[in-house]
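Report on the structure given below.
The values are calculated or read from the model by the stated rules, or taken from the named source; none is laboratory data. Worth saying up front: this structure is predicted, and the values here are computed from it rather than measured. Here the Cβ positions follow ideal geometry from the backbone for every residue, glycine too, while neighbour counts run over all protein chains shown. These accessible areas exclude ligands, DNA and RNA; they are computed on the full protein's heavy atoms, side chains included. Shrake-Rupley method; radii C 1.70, N 1.55, O 1.52, S 1.80 Å.
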Amino acid sequence: MALLTPSRRPAAVSKDPAPRTLPLRQRGTGARKQFTAWLFLVPALLVFGLFAWWPIVRSMLLSFQKTNLVDPAVWVGLDNFRTLFDDPLLGTAVGNTLFFVVLGLLIGFPAPLILAAIMSTVRRGAGVYRFLVYLPVVIPPVVAILLWKWFYDPGSGLFNNVLGKVGLGPYSWLESSDSAMLSLVLESTWAGMGGAVLIYLAAMVGIPGELYEAAEMDGAGIWRRIWHVMLPQLRSVIGLLLLVQLINTVQVFTEPYVFTGGGPENSTLTVLLLIFRYAFQDGDYGQAAALSFLMVLTLALLSAVYLRATRSWSTS
Amino acid sequence: MALTATLAGCSSLTPSSAAGDGDLVLRVQGMPPATDKPGLALFKKQVADFEKANPGIKVKGSTTVFDPLTFSAKLSGGNVEDVIKVPLTEPPRLIQQKQVQPITGQLKEWEHFKEFNPQVLQPLTDSAGDVYGVPQNPYAQGLVYNRELFEKAGLDPDTPPATWAEVRTAAKKISDSTGKAGFVHESKDNQGGWQLAMLTYAFGGELQKEQSGTYTATLTGEPTKKALRLLKDMRWKDDSLGKTLLNNQNDVIKQFAAGQVGMFMGSPGTYRLAKMQFGMENTDAFGAAPMPQSGGDATLTGGDIYMVPKSADKKHAAAAVDWLTFAYAKPQYSTDLAAEQAKALSADPKSAVGVPTLPVFDKKRQTEIDAAIKPYVNVKLQNFKPYIDGLSTLKLKPEPPYQAQKLYTALDPVVQAVLTKRDADIDSLLASAEKDVNAKLAADQK
């Protein structure tokens with residue numbers, strides 16, 4: 001099995017005190033080269049600062065202000081945060097978002113991996129399958145959701161019609177607070193799976209065939225080959241896609257907004273939808289910015305913890 | 001992060017600029033899209049006439065329509081036109097947040113200003129008496145019904161339900177005999193709360209009270225509870241509200257246009273949406289009645305409002321009011337102009353000319369306008385007769401004056417619970433909603 005972990009490196013390598021190449025600044029001729037480098041960097045830094053960082057900084061400032069964005073803003077300190085924590089909907093929105101994340105992990109995360117594993121064994125018509133799997137990704141999200149709304153329709157929807165033929169249902173997919181969130185996850189899994197499947201397929205192509213052959217010669221069946229060859233080889237891709245999925249699902253907005261408007265009974269009200277309501281329904285930009293700020297902070301922390309955990313995992 | 005950036009990015013003001021040749025360029029919403037050929041031709045003629053009468057001003061029309069998703073951000077960032085068009089739901093909030101300008105002084109210079117219907121101007125007026133907009137096609141909410149389904153259910157389409165008990169009976173008959181939804185109540189995107197406000201008014205209640213300048217929500221009143229009990233009975237005892245229960249207004253009108261809905265609370269103006277946007281073929285089935293009552297004798301008002309945003313500078317604001325008077329106030333007062341517009345619009349068979357509105361001025365003037373446009377009317381006015389006949393008996397009430405959207409946000413889940421849970425406890429749901437929304441209103445008014 002030693003063959004199956006080629007990415008492992010001796011611990012000494014990472015502690016090697018002697019760099020194999022000289023850092024850039026030591027190889028150049030000093031200040032002049034550094035100045036030229038900065039000169040090239042300035043436009044990019046300006047654009048990045050103006051369009052990425054400045055809005056973020058402004059948003060952070062906004063979270064401590066009360067403003068209608070026309071009259072001068074009034075500094076209110078932590079008032080927006082206090083109002084935020086007094087709002088019972090915040091707990092509901094956080095709980096619902098976590099529920100969406102967990103359902104997404106249970107249903108949406110393994111689905112593309114399983115599909116890619118199956119598709120990687122198909123030889124004839126592989127292109128057609130890839131096209132079909134990727135197709136939902138290119139359908140505009142709102143169009144896809146409207147299509148699924150018809151699937152879920154409790155009266156004449158596709159799902160209830162099909163299930164009715166085998167004596168099941170009808171189910172109130174979106175109309176019941178018990179099943180609404182699950183319905184959203186099913187649609188978003190379908191809509192977003194194609195991209196992940198292609199990435200997995202590309203990564204699977206890169207796994208050396210000899211590893212499978214060696215495993216097979218050692219008597220490993222298909223499941224053992226998947227478990228001991230394929231999954232370890234895909235570890236870094238799986239890790240990356242897991243992080244991307246976490247960040248995306250925490251920021252879910254379009255599905256609850258278009259499908260249910262956060263209902264029934266706020267059962268699909270997510271954090272981003274609550275931010276939207278604060279800003280664009282209530283006109284309370286300060287409070288919306290405060291919640292945005294907390295969300296960014298949470299995601300940044302989550303990403304940092306995750307990266308740290310997976311770094312030690314990948315070098316263990 | 002995208003939303004974070006949006007919130008922060010909309011703070012820069014972009015004041016209107018003058019044209020290079022010295023003309024003042026006035027950007028106005030309300031230009032019909034290219035698909036509405038007669039409407040667009042009429043608009044262009046109005047622009048040409050206005051520019052001729054007002055040398056030095058160039059009008060640049062915009063087909064942008066009100067989109068709740070982007071409107072607030074654009075308005076707050078000063079990225080809107082010098083004349084904006086919003087539904088009547090918006091002015092109270094825009095006035096409170098000082099995002100629009102008062103236009104009283106200049107509007108008063110028009111000789112017929114005093115003849116405006118005060119009920120129509122009320123939601124556009126602040127506590128100091130300043131007016132902030134000019135209304136177009138104002139309406140009062142009523143009951144829209146499918147005359148064909150009424151006939152199929154053995155009901156008389158010329159005698160629509162006048163009370164909510166009658167609505168319940170009619171809805172059950174329609175549902176039982178046709179399999180379609182007898183009555184649909186909107187329930188999401190704040191429209192559940194909005195429609196519950198209409199029901200509360202019809203049952204004789206209010207959703208908000210003002211005491212010493214402070215507003216509080218009164219969601220636990222008996223009229224609101226009665227209204228919800230009615231919906232609960234219709235849903236769970238009669239099963240007459242259909243299967244799709246999470247609907248906004250567009251969802252309902254779309255279903256109505258497809259002949260799937262017997263009744264819903266709406267205005268005559270939904271005729272345009274049903275026909276032009278959702279392709280209702282059998283428009284003869286469209287019927288409109290006044291809002292059924294159960295002790296309130298009142299209904300909620302609505303319409304399109306043209307306003308001047310705060311981002312317009314003095315010169316542009318002055319030109320904007322000139323345009324509002326020229327393009328909207330005068331044609332709703334002058335019989336000649338109204339007839340000319342109706343004639344132009346009726347050239348397109350897909351148009352809807354003659355849909356009844358509330359009198360923008362007084363009833364006599366409206367009767368004269370109606371007579372002037374009569375030759376060009378292409379909607380079946382007979383089907384709107386119950387609405388027109390019954391309207392005068394009702395008190396027209398605006399939306400709750402302070403942060404109405406927050407009330408609606410709190411009420412949507414209550415309506416949804418009643419529609420989706422058999423054991424929904426109306427009293428505790430309303431009590432909880434009232435407590436939550438009052439905490440928010442108190443924080444706002446600190």
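Quick rundown of the values:
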| read-out | value |
| --- | --- |
| 15 Å Cα-Cα reach of B:LYS385 towards aspartates and glutamates, excluding residues that sit fewer than 8 places from it in its own chain | B:ASP156, B:ASP158, B:ASP284, B:ASP370 |
| In the A-B interface, the accessible area buried, summed over both sides, Å² (probe 1.4 Å) | 3800 Å² |
| At R0 = 22 Å, FRET efficiency that the Cβ-Cβ distance of A:PHE85 and B:LYS435 yields, to 0.05 | 0.85 |
| At least 50 Å² accessible surface lost relative to isolated chain, residues of the range B:230-245 (1.4 Å probe) | B:LYS243 |
| Accessible-area composition of the protein assembly as shown, carbon plus sulfur, in percent [1.4 Å probe] | 61 percent |
| Share of pairwise Cα separations in the protein assembly as shown, more than 40 Å, in percent | 44 percent |
| Alpha carbon centroid spacing (whole Å) that separates the range A:122-186 from the range B:280-333 | 40 Å |
| A:GLN34/A:LEU307 FRET efficiency (R0 41 Å; Cβ-Cβ; nearest 0.05) | 0.90 |
| Mean separation of Cα contacts under 8 Å, 6 or more apart, over the residue count of the range B:195-297: relative contact order % | 33 percent |
| Averaged over A:273-283, number of beta-carbon atoms from partner chains that fall within 10 Å | 6 |
| Mean separation of Cα contacts under 8 Å, 6 or more apart, over the residue count of chain A: relative contact order % | 28 percent |
| Threshold 20 Å² - residues in the range A:244-265 whose accessible area is reduced by that much or more when the chain is no longer isolated, probe 1.4 Å | A:GLN251, A:TYR257, A:THR260, A:GLY261, A:PRO264, A:GLU265 |
| Accessible area of chain B divided out per residue, in Å², using a probe of 1.4 angstrom | 41 Å² |
| In degrees, nearest ten, helix B:404-420 long axis to first principal axis of chain B (Cα) | 30 degrees |
| Amide N proximity, the range A:175-213 versus A:VAL244 label position 7 Å along Cα-to-Cβ, cut-off under 18 Å | A:188-207 |
| Stretchable slack from B:SER392 to B:HIS112, in nm (0.36 nm times residue separation minus alpha-carbon distance) | 98.5 nm |
| Residues of type aspartates and glutamates that B:LYS74 reaches as a straight line, Cα spacing below 18 Å, ignoring anything fewer than 8 places off in the same chain | A:ASP71, A:ASP282, A:ASP284, B:ASP82, B:GLU90, B:ASP313 |
| Relative frequency of Cα-Cα separations exceeding 13 Å in the range A:260-316, percent | 68 percent |
| Cα-centre dipole for the protein assembly as shown with unit charges at Cβ (Lys and Arg positive, Asp and Glu negative), debye to 20 | 2380 debye |
| Average accessible surface area per residue within chain A, 1.4 Å rolling probe, Å² | 57 Å² |
| At q = 0.24 Å⁻¹, base-10 log of I(q)/I(0) for the range A:184-291 (Debye sum, equal scatterers on each alpha carbon) | -1.23 |
| Distance (nanometres) between label positions extended 7 Å along Cα→Cβ at B:LYS98 and B:GLU210 | 1.8 nm |
| Reduced Cα scattering model of the range B:123-174, Debye log10 I(q)/I(0), q = 0.16, 0.24, 0.29, 0.30 Å⁻¹ | -0.59, -0.90, -1.16, -1.20 |
| 19 Å Cα-Cα threshold exceeded, pairs from B:LYS98/B:LYS435; B:LYS37/B:LYS60; B:LYS275/B:LYS380; B:LYS44/B:LYS85; B:LYS173/B:LYS232 | B:LYS98/B:LYS435 |
| Delta accessible area of at least 30 Å² on complex formation, residues of the range B:75-102, 1.4 Å probe, chain isolated as reference | B:SER76, B:ARG93, B:GLN97, B:GLN99 |
| FRET E, pair A:GLU213, A:ALA44, Förster distance 45 Å, beta-carbon r, rounded to 0.05 | 0.45 |
| P(r) tail fraction, chain A - alpha-carbon pairs more than 24 Å apart, % | 69 percent |
| Spatially proximal lysines relative to A:LYS165 (Cα-Cα < 27 Å; intrachain offsets below 8 disregarded) | A:LYS149, B:LYS180, B:LYS243, B:LYS421 |
| Computed over the range A:206-294: relative contact order in percent, which uses C-alpha pairs under 8 Å that are six or more apart | 15 percent |
| Separation of alpha-carbon centers, the range B:137-207 and the range B:97-127, rounded to whole Å | 33 Å |
| Semi-axis lengths, Å, the range B:32-178, gyration tensor of Cα atoms, sqrt of 5 times eigenvalues | 39, 21, 18 |
